[in-house]
1. Per the helix-only calculation at 222 nm, which mean residue ellipticity applies to the chain, given -39500 (n - 2.57) for every DSSP H run of n ≥ 4 and division by its residues, nearest 500 deg cm²/dmol?
2. What accessible area per residue comes out for the chain, rounded to a whole number of Å², with a 1.4 Å probe?
3. If you take every residue apart from Gln15 with its C-beta less than 12 Å away from the C-beta of Gln15, what net charge results, scoring Lys and Arg +1 and Asp and Glu -1?
4. Quick check: from the Cα gyration tensor, does segment 42-84 come out rounded (a/c under 1.5), prolate or oblate?
5. Within 10 Å, count the other beta carbons around each residue, average over each peptide in 76-86, 55-65, and list them highest first.
6. With a 1.4 Å probe and every protein chain kept in, tell me what percent of the accessible surface of the chain is carbon plus sulfur.
Amino acid sequence: MLPRRFRLTAARDFQFIYKTGQRRASHYFLLRLSRGPSQATRIAVVVSTKVSKRAVVRNRLKRHVRAVVGQLLPTLPTGLDIIITVRQVVSDSQAWPAFREELRNLLAPPFFG
């Protein structure tokens, strides 16, 4: 689990990022990035019921994404607000390394340009 200061939770922050943030897309993920008001990089992970109707699957996906993000957090620049939306379920366990690598590539700089 990410420490509280690194979590994006307020609805107004989500609305601001959806409206003004930049997008990065890949096969499994959609990232929305924006400069935030806080010094810490804040992150939210979103998994829709369109991805899976089962809460167990959605929560497992969120935990996996947060684990990767937690490892990458020290390398991310400060002051970013990031919403990570999972687009597709990874049901095959052999696809997990590609899933993780794709997330690492999306979270690699440059963020704005």
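The values are calculated or read from the model by the stated rules, or taken from the named source; none is laboratory data. All values reported here derive from a predicted model rather than from experimental measurement. Counting neighbours? That spans all protein chains shown, and the Cβs are built from the backbone with ideal geometry, glycine included. Just the protein is used for accessible areas: all its heavy atoms, side chains included, with ligands, DNA and RNA removed. Shrake-Rupley method; radii C 1.70, N 1.55, O 1.52, S 1.80 Å.
1. Working: 3 runs with 39 residues, N = 113.
That calculation yields -11000 deg cm²/dmol at 222 nm.
2. 59
3. Overall, the nearby charge balance is +1.
4. Verdict is oblate for segment 42-84.
5. 76-86, 55-65
6. Its accessible area is 52 percent carbon and sulfur atoms.
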